[in-house]
Amino acid sequence: MSAANISEDAETTTEHPPARPEVLTAVERALIRIRRRQSRRTLARPVVQGMSEPVDLSTLAVVDAVDEGTGEGNKDVTVGFVADRLAIDPSRASRIVADAVRTGFVRRVASQEDGRRSCLELTPAGQDAVTAAHRTRQDFYATVLENWDPAEQEEFARLLTKFVHALDDAAGG
């Protein structure tokens, strides 16, 4: 049995050695480049430019967060949820959610679990915005991945998803 596989009382656990410094450096550099690209909003700008209804980039971020929360099942999507997903303070989230409501992309509804609680949902305009955003981003990713082997594409998607889940776990949520 290799050192990576240690058996304890018929239950197999896999221990992995710590990542090598050169791997950590490569991951760090790649993530810095991704963050810089994201901060320039290179994928958000084509979405808002292609919309029939004008949408602010902050509103698009709210729409994305509400869409993400809606996809998580029975979870109430609140201003706090948006703040958490966008990694901003609740007062800023409250302001940009109010703008998204005012411009008609999001609406406030009563929670089905607690009528005193205000939740958020997409309006038809918000749904159109999120559909356009998904289409624009996925078209861009298709171009980026077009020369990759399908097995590489699937492995990349699997590993990236695994990495994001590990980030969430490390951050406590």
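The values are calculated or read from the model by the stated rules, or taken from the named source; none is laboratory data. What you see is a predicted model; the values in this text were computed from it and never measured. With ideal geometry, Cβ positions are generated from the backbone for all residues, glycine too; neighbour counts draw on all protein chains shown. Side chains included, ligands, DNA and RNA excluded: accessible areas come from the protein's heavy atoms. Shrake-Rupley method; radii C 1.70, N 1.55, O 1.52, S 1.80 Å.
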Per DSSP, the loop-located trypsin sites (Lys or Arg not before Pro) within the stretch 120-173 having at most 14 other beta carbons within 10 Å are none
For Thr143, solvent-accessible area (1.4 Å; no DNA, RNA or ligand), Å²: 80
Where Arg108, Arg102 fall by accessible area, highest first, once all protein chains stay in place (1.4 Å): Arg102, Arg108
Surface/4 of the Cα convex hull for the stretch 129-173, nm²: 4.0
Counting only heavy atoms of the protein chains, get the accessible area per residue of the stretch 76-173 (1.4 Å probe) and round it to a whole Å² value. 67
With every protein chain kept in place and a 1.4 Å probe, the residues Glu113, Glu28 fall, from largest accessible area down, as Glu113, Glu28
Euclidean distance of C-alpha centroids, the stretch 138-170 and the stretch 82-112, integer Å: 29
Round to a whole number: what % of the accessible area of the stretch 67-121 belongs to carbon and sulfur, probe 1.4 Å? 46
